[in-house]
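Working notes for the structure below.
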Amino acid sequence: MRNKILFSTAYLILLSTMASAATLADVENSFYPYKKGVPQVAGIKPGMVINSKNWQIAKDALEPAFQGYIQKGNYEIKVGETTSFDQGKTYIEQTKARLNKAKLGDKPGEITGSDAGRPFPEEPSLSDPRAGDKLAWNFKYGFSQGDDWSISPWYWKFRNMKTDQIERSLIFDFHIMKFTHRSVVSPIPALKDNPSNIFRANYFKALEPFDIKNTQVLIQRFEEDTKLDDSYLYLGFQRRVRRMSSGQTTDAFLGSDITIEDFEGYNGRISDMKWTYMGTKTLLVPFYNHNDMPLDKEMYKGDKDGFKMIAGTGKGGCFPAVTWQLRKVYILESKPLDKNHPVSKRIHYMDAQTAVIPLTSIYDRSGKLWKSFTIAYTHADNSLPQNKGTGTTMYDFTSLIDTQADHCTTGHFKTMAHSPATTRALFTVENMRSSGK
């Protein structure tokens, strides 16, 4: 029996190794999937509106949860033209220079040979038993907003879908910095003086309302994925920093519908999940040009850049008032290895070109759809002037809908890539103490 297990494990590793041999043509196809033409679905054209009367036309191009929302009349989608979201040139060059150097370990969360670029640019295959793990690493080491970025301000709105009422509004200042896997901002590919070998750090601080003002969260994620994050919480009324337990990342955060683990489509360790590639589809996803959308003129007045945020629309204002594009999407399932996890699985819909996750369906322990998480992305060249030419894919709007409670939390962002306000000093416990006073 033991010999059979060893043979089976070795065979899976061999299959994975054979499937991972990528070429420069694979890199080109990975980053420029629409070079020879954009995806087409019969009956779907730019400019048309998909609603409860004609949703059948688009049923094969709709994520299942959104098909349900549209079918019930909770939301309608206006179709936009499919456009290329080209990634940063340096990131693409890093990928070429490191082609086939990234290798998976025997277990989820283990990788060697990857310090920059997209580790696995080859097309995923259903015959590759580790294709899901590779996509998860592409997501984790993606270019996304760049090397460091700010979302300031970040508006959260708690919304009751039954009454169409906004119950509560919060404002945050949010920053992320990569310590390793950097592509643009010197030093590249990693910061110096990083003895703990931190991969990335998240820091955010509550600005309003008064009862949560100065609440802060710091999450330090390590290059070694199997190592637990160092997470810290500062509560303004207590005026002290305390460590967060790992369980707190799956609790509702500050009374919202969102958990810390939900951020970005998935904000946890790769080693905490079993990853399975489920196939590739052409789907409608919320990718667009920010400045071409019907922006909210009331929420964020007096901005020095003249910036206005994406509005909420549909039932309860829980959906993004943006156009959706037909795009090539990888379907990726993640299942928690911890049986006590509140989620049984997530189905992630990953954009093939950018490796970001605009749509995620989250299922409760019984296997029923529990939450639907949407991240709407704008092209960097059509957002803040400071983002132009960065080759980033900008967070613009989020919505976490609790389908069982008819409630949602929306996020409205002013995102800046390579923000000068995002300094290394922010990502320390000392900063939490000093800025909280």
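Structure above, values below:
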| read-out | value |
| --- | --- |
| Number of positions in the stretch 283-308 that are within 19 Å of the chain's Cα centre (by Cα) and under 26 Å from LYS371 (Cβ atoms) | 7 |
| Condition check for SER114: in contact with a helix residue (DSSP H, G or I) (Cβ under 8 Å, 6 or more places away or on another chain), closer than 19 Å to ILE198 by Cα and of a type in the set (S, T, N, Q) | yes |
| Selection within the stretch 111-133 - touching a Leu at 6+ places or on another chain (Cβ under 8 Å) and over 22 Å from LEU191 (Cα atoms) | PHE120, PRO121, PRO124, SER127, ASP128, PRO129, ARG130, GLY132, ASP133 |
| First in the stretch 55-84 and more than 14 Å from GLY43 (Cα to Cα), second anywhere and part of a loop (DSSP other than H, G, I, E, B) and aromatic (Phe, Trp, Tyr), Cβ under 9 Å, 6 or more apart | PHE66/TYR75; TYR69/TYR75; THR82/TYR34; THR83/TYR34; SER84/TYR32; SER84/TYR34 |
| Within the stretch 119-156, tally of residues that are among the basic types (Lys, Arg) and within 25 Å of PHE174 (Cα to Cα) | 1 |
| Criterion (buried (at least 24 other Cβ atoms within 10 Å of the Cβ), hydrophobic (A, V, I, L, M, F, W, C) and touching a Ser or Thr at 6+ places or on another chain (Cβ under 9 Å)) met by exactly one of TRP149, TRP154 | TRP149 |
| Neighbours by Cβ (under 7 Å, 6+ apart or cross-chain): first from the stretch 310-328, at positive phi; second among the polar types (S, T, N, Q) and not in a strand (DSSP E or B) | GLY314/ASN74 |
| Pair list, Cβ < 9 Å and 6+ apart or interchain, from the stretch 88-104 residues that are within 14 Å of PRO189 (Cβ to Cβ) to residues that are aliphatic (A, V, I, L, M) and in a strand (DSSP E or B) | ALA102/ILE111 |
| Residue count for the stretch 202-254, restricted to those that are of a type in the set (Phe, Trp, Tyr), under 26 Å from SER344 (Cα atoms) and assigned to a helix (DSSP H, G or I) | 0 |
| Residue within the stretch 261-273 that is among the hydroxyl-bearing types (Ser, Thr, Tyr) and within 18 Å of the chain's Cα centre (by Cα) present | yes |
| Residues being in contact with a Gly (Cβ under 9 Å, 6 or more places away or on another chain) and buried (at least 16 other Cβ atoms within 10 Å of the Cβ) - total across the stretch 186-215 | 6 |
| Criterion (among the charged types (D, E, K, R), modelled with pLDDT under 95, assigned to a loop (DSSP other than H, G, I, E, B) and over 21 Å from MET350 (Cβ atoms)) met by exactly one of ASP115, ASP106 | ASP106 |
| The one condition in (1) out of contact with any Ser or Thr (no Cβ under 6 Å at 6 or more places or on another chain); (2) surrounded by fewer than 18 Cβ atoms within 10 Å (Cβ to Cβ) that LEU218 fails to fulfil | (2) |
| Per-region count, the stretch 29-77, residues assigned to a strand (DSSP E or B) and either surrounded by 13 or more Cβ atoms within 10 Å (Cβ to Cβ) or not aliphatic (A, V, I, L, M) (or both) | 2 |
| Residue list for the stretch 167-196, filter: farther than 20 Å from THR428 by Cβ, of a type in the set (Val, Ile, Thr) and part of a loop (DSSP other than H, G, I, E, B) | VAL184, ILE188 |
| Close pairs (6 angstrom Cβ cut-off, 6 or more residues apart or separate chains): without any contact (Cβ under 8 Å) to a residue 12 or more places away in the chain in the stretch 274-300, assigned to a strand (DSSP E or B) and of a type in the set (Phe, Trp, Tyr) anywhere | none |
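Residues are listed down the side, and each one gets a yes or a no for (1) among the hydrophobic types (A, V, I, L, M, F, W, C); (2) in contact (Cβ under 8 Å) with a residue 24 or more places away in the chain; (3) under 26 Å from MET350 (Cα atoms):
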| position | (1), (2), (3) |
| --- | --- |
| PHE120 | yes, yes, yes |
| SER127 | no, yes, yes |
| GLY132 | no, yes, yes |
| LEU135 | yes, yes, yes |
| PHE139 | yes, yes, yes |
| ASP147 | no, yes, yes |
| LEU170 | yes, yes, no |
| THR180 | no, yes, yes |
| PRO189 | no, yes, yes |
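The values are calculated or read from the model by the stated rules, or taken from the named source; none is laboratory data. Only a predicted model underlies this, so the values are computations on that prediction, with no experimental measurement involved. Every residue, glycine as well, gets a Cβ built from its backbone with ideal geometry; the counts of neighbours run over all protein chains shown.
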